[in-house]
Amino acid sequence: MPAPRRIILDTDPGQDDAVAILLALASPEEIEVLGIVAVAGNVPLALTARNARIVCELAGRRDIPVFAGCDRPLVRPLVTAEHVHGKTGLDGPVLPEPTMPLAPGHGVDFIVETLRREPPGTVTLVPIGPLTNIAAAFRKAPDIVPRVQEIVLMGGAYFEVGNITPAAEFNIFVDPEAADIVFRSGVPLTVMPLDVTHKALTTPARIAAFRDLGSEVGRAVAAWTDFFERFDKAKYGGAGAPLHDPCTIAWLIRPGLFSGRHVNVVIETKGEFTAGMTVADWWRVSGRPANALFMGGIDAEGFYALLTERLARL
Ligand code: RIB
Ligand code: CA
């Protein structure tokens, strides 16, 4: 059994972020969570920093350091998504306010210091919200860029088109300038776009399997997905909700569940109607070098079986 992948989760919980955090914490053989950094995204930073701690306490992991990162994108005003995630960002179940404190210091400094301290190539960054913290860390400390083992991110879309505008997926749309820094960084990138997450849809049976775990975690995940899916079912017509963010963690645990293609991906930062678009050169016509493993396929049954099996451990 190889050593666990050591990760920093950068997140804007968000019900699907919460499930990703739980999946990571439930998989110590494959994943060691060095820390969690909250970013403004689905809801403002004060709430994402609160929500990340709620999830850690739900998993019984008050030992995980949770930092507050950036409270707004690099240059643009913050766009949030309460219409999807509810006012708190974790609407669905009623859970107690967190009692664990935030870790001291800024989340960007935690990313910089961890990458400087740990041996090169031993820390993976897993951003599942806007890429503001990652880009800010790279700008503040360019020396850390070659030390990153891999970035496994949820964001972008190509064949699936956008979910917040006709052209852009939310995480990239909120901070296109940050995404541009990350996609130009040269760090090995694995991208989980809507092209794959929209194939990982909840169903009544899959949600019932969460609830049937009979645990507080199972009940919370069922209530989150119940709440989370109402928006997507109304928008896309009733097939269920895509569990976006856990796809990154499932990749780290069982990469065989996914399929994709190494292609060039650039970020549109200027377009009046296309800002935040991930321009994926799927058919390799641009001549630009491949910089990302851009996912397109998933074994959805296998994904939900893994997720349910691991959540049962908490
Ligand atoms: O577009 C989906 C992404 O935006 C997910 O990460 C979800 O949590 C929101 O942040
Ligand atoms: Ca997210």
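Annotations for the structure displayed:
- The residue pairs whose first member lies in the stretch 133-148 and is among the polar types (S, T, N, Q), whose second member is crowded, with 17+ Cβ neighbours inside 10 Å, and whose beta carbons are closer than 7 Å, counting only pairs six or more residues apart or on different chains, are N133/D10; N133/V37; N133/V39; N133/G69; N133/C70; N133/G107; N133/V108; N133/I111.
- Candidates D71, D91, D12, D17: the one that is within 16 Å of ligand 1 (Cβ to nearest atom), on the phi < 0 side of the Ramachandran plot and modelled with pLDDT under 95 is D91.
- Inside the stretch 265-314, residues that are out of contact with any strand residue (DSSP E or B) (no Cβ under 9 Å at 6 or more places or on another chain) and either part of a strand (DSSP E or B) or closer than 30 Å to G60 by Cα (or both) make up a count of 13.
- Meets criteria (crowded, with 22+ Cβ neighbours inside 10 Å, in contact (Cβ under 8 Å) with a residue 24 or more places away in the chain and either in contact with an Asp or Glu (Cβ under 8 Å, 6 or more places away or on another chain) or more than 30 Å from H83 (Cα to Cα) (or both)) for G276: yes
- Checked against the criterion of being in a helix (DSSP H, G or I) and not hydroxyl-bearing (S, T, Y), the candidates P130, P146 yield just one match: P146.
- When A137 is tested against (1) within 16 Å of ligand 1 (Cβ to nearest atom); (2) of a type outside the set (S, T, N, Q); (3) open to solvent by less than 10 Å² (accessible area, probe 1.4 Å); (4) over 14 Å from T278 (Cβ atoms), exactly one condition is not met: (1).
- Qualifying residue in the stretch 96-111 (condition: modelled with pLDDT under 95 and not charged (D, E, K, R)): yes
The values are calculated or read from the model by the stated rules, or taken from the named source; none is laboratory data. It should be emphasised that the depicted structure is a prediction, and the values quoted were computed from it without experimental measurement. Cβ atoms come from the backbone with ideal geometry, glycine included; neighbour counts cover every protein chain shown. The protein model used for the area step is the full one, side chains on, heavy atoms only, and it has no ligands, DNA or RNA in it. Shrake-Rupley method; radii C 1.70, N 1.55, O 1.52, S 1.80 Å.
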